[in-house]
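Taking it in order: structure first as structure tokens, then the write-up.
The values are calculated or read from the model by the stated rules, or taken from the named source; none is laboratory data. Quantities reported herein were computed from a predicted structural model and do not represent experimental measurements. Here the Cβ positions follow ideal geometry from the backbone for every residue, glycine too, while neighbour counts run over all protein chains shown. Heads up: the accessible areas ignore ligands, DNA and RNA and are worked out on the full protein's heavy atoms, side chains in. Shrake-Rupley method; radii C 1.70, N 1.55, O 1.52, S 1.80 Å.
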Amino acid sequence: RYEPTWGSLDARPLPAWFDEAKFGVFIHWGVFSVPSFGSEWFWWYWQKEKREPYVKFMEANYPPGFSYEDFGPLFTAEFFDPNQWADILKASGAKYVVLTSKHHEGFTLWGSKYSWNWNAVDMGPKRDLVAELATSVRNRTDLRFGLYHSLFEWFNRLFLEDATNAFKTRKFPTSKSLPELYEIVTKYQPEIIWSDGDGNAPDTYWNSTGFLAWLYNDSPVRDTVVTNDRWGVGSICAHGGFYTCSDRYNPGHLLPHKWENCMTIDRGSWGYRRDAQLGDYLAIEDLVKQLAETVSCGGNLLMNIGPTHDGRIAVVFEERLRQVGAWLKVNGEAIYGTKPWRAQNDTVTPGVWYTFSPKEGKVNAIFLDWPVSGTLELGEPRAKLGETQVKLAGYEELLKWVALGEKGMVIALPQLTPQRLPCQWGWTLQLTDVN
């Protein structure tokens, strides 16, 4: 049994499925999807920081005295079709999904008895959005279902009172935050608990270790659940299951601990923005590059989309997810279930990232630019004449190659028209019998 101490909890082995999965989809959805302007931090930037674009936006578009709470009934989700969402998630090639059950605004997407009249069952959609998505994902896909949960809430009176008392009182975690966590685990049995938002309070205030000890010892998901590292000040990148370290974390080198790169397709926001321009969205080439870099360095990629207030996944997000799925159909062997190789990227040719498939004993070299010369030089593999074989994923015939001394090789790529390429953005060479 795990003790409620970081020493004991950090010793728990991470369930193997998480490292094998490599790729998940993050969904930021809530009342912030109604103004869908600027950022999911809309309430804070408008009311607390009083940032000019937010103040002007409200003055221009809403009557005087309109409050953030007034957005609640406008979060309607009338087009929300959980089966359609599940089908898009499946098509993306993702192996898990993480939905924001509650962001820093405190609005819960399930009918929480600890969030009276500020939840999706009491107002707005009048639906249990968490339950509906969980059911569809489990019925229609093999994705693992996870939930994001914010520990703190910007404007909750109990939290603000505790903060004023320098967190010597613990009214908010005992009456709101912790009961919600127990509630979502018991009710929805998520296999990821993605915690966030420590409100500058220590983990002792949140009783994070007490909750995690219950989660790992006695909860209905104790054997398969994974958690992140956002459990109070000082815990990020230091304690918990996998490390996130910071948003959009992509170190570019191997880390000694399992980590995740959570990032957004929309460069500017996690929530949906009505005013986003096409150039604000990462192109599929950027996403393939992020995936290759992240996995080669031992990380998972958690790619975020923000649905609309009426429950649609905007077509630009759907297209990106389906494009990643199409790429993974061809190159998935170089991603799923792989381990980092002795080299993460190539020393001679930039934009080449390595992974290792332990079952097949293959080294995968993912290259992001198709060379004009038709040959690709790799500085890292040690090839052996008569033994080493080179294949291009999605192409039948073996490729010809020559060794460059002790280490390195030049590979002749097939001469293919653009239509005959196995995929359009990034390709995988599978090398067998390289030292």
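Out of the total accessible area of the chain (probe 1.4 Å, heavy atoms of protein only), what percent is carbon and sulfur? Before the final figure, lay out each step's value.
Numbers: 9200 of 18000 Å².
Carbon and sulfur: 51 percent of the exposed surface of the chain.
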FRET efficiency (Gln424, Val233; Cβ distance; R0 51 Å; to 0.05) is 0.70
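What number, in percent, do you get for the relative contact order of the chain if the mean sequence gap of Cα pairs under 8 Å and at least 6 apart is divided by its residue count?
Numbers: 890 pairs, mean separation 73.3, N = 435.
Dividing the mean separation by the residue count of the chain yields 17 percent.
If the limit is 23 Å between Cα atoms, which of Lys90/Lys362; Lys22/Lys90; Lys22/Lys359; Lys50/Lys176; Lys329/Lys384; Lys102/Lys187 go over it? The partial results should precede the final answer.
Values: Lys90/Lys362 26 Å; Lys22/Lys90 14 Å; Lys22/Lys359 16 Å; Lys50/Lys176 27 Å; Lys329/Lys384 30 Å; Lys102/Lys187 15 Å.
Checking Cα-Cα distances, Lys90/Lys362; Lys50/Lys176; Lys329/Lys384 exceed 23 Å.
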Over region 339-432 - Rg/Rh using Cα atoms and the Kirkwood inverse-distance radius: 0.92
Farthest towards the positive end of the dipole of the chain, among Phe75, Ser8, Pro422 and with Cβ unit charges of +1 on Lys and Arg and -1 on Asp and Glu, lies the Cα of Ser8
In Hz, Karplus ³J(HN,Hα) per residue of region 228-241 (6.51, -1.76, 1.60; θ = phi - 60°; x = Gly, Pro): 9, 10, 9, 10, x, 4, x, 8, 5, 6, 9, 9, x, x
Which loop GluC sites (Glu not before Pro) in region 51-93, with loop taken from DSSP, have no more than 13 other Cβ atoms within 10 angstrom of their Cβ? Glu78
Where does the Debye-calculated log10 I(q)/I(0) of region 224-287 sit at q = 0.21, 0.25 Å⁻¹, using only Cα point scatterers of equal weight, no solvent? -0.91, -1.04
Hey, got a sec? Which chymotrypsin sites (Phe, Trp or Tyr not before Pro) in region 123-215 land in a DSSP loop and have at most 16 other Cβ atoms within 10 Å? Phe155
Could you state the accessible area per residue of the chain in Å², with a 1.4 Å probe and every protein chain left in place? 41 Å²
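Rounded if a/c is under 1.5, else prolate if a/b is larger than b/c, else oblate: which is region 105-164, with a ≥ b ≥ c the root eigenvalues of its Cα gyration tensor? Walk me through the numbers before you get to the answer.
Numbers: a/c = 4.26, a/b = 1.89, b/c = 2.26.
Cα axes put region 105-164 in the oblate bin.
Using 0.36 nm per residue, how much length does the chain from Thr204 to Asp310 gain when fully extended, once their Cα-Cα distance is taken away? Kindly include the intermediate steps, with their values, before the conclusion.
Numbers: separation 106, 0.36 × 106 = 38.16 nm, distance 3.85 nm.
Full extension from Thr204 to Asp310 adds 34.3 nm.
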Placing each pseudo-label 7 Å from Cα in the direction of the beta carbon, Lys168 and Lys56 end up separated by a distance in nanometres of 4.5 nm
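With +1 assigned to the C-beta of every Lys and Arg and -1 to the C-beta of every Asp and Glu, and no other charges, what is the dipole magnitude of region 339-432 about the Cα centre in debye, to the nearest 20?
Numbers: 10 positive and 9 negative charges, 50 e Å.
Dipole size: approximately 240 debye.
Can you pull out the trypsin sites (Lys or Arg not before Pro) in region 229-281 that DSSP calls coil and that have at most 16 other Cβ atoms within 10 Å? Write out the running numbers ahead of the final one.
Working: sites: Arg230, Arg248, Lys258, Arg267, Arg273, Arg274; in loops: Arg230, Arg248, Lys258, Arg267, Arg273, Arg274.
Loop-located and lightly packed - Arg248, Lys258, Arg267, Arg274.
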Which aspartates and glutamates does Lys407 reach when only Cα atoms under 18 Å apart count, and residues fewer than 8 places away in its own chain are ignored? Asp346, Glu377, Glu380, Glu387, Asp433
Please work out the ratio of the alpha-carbon Rg of the chain to 2.2 N^0.38 Å and round it to two decimals. 1.06
How much length is gained if the chain between Gln389 and Glu78 is pulled fully straight, taking 0.36 nm per residue apart and subtracting their Cα-Cα distance, in nm to one decimal? 106.5 nm
How large is the helix-only mean residue ellipticity at 222 nm for the chain, computed as the sum of -39500 (n - 2.57) over DSSP H runs with n ≥ 4, divided by its residue count, in deg cm²/dmol to the nearest 500? -7000 deg cm²/dmol
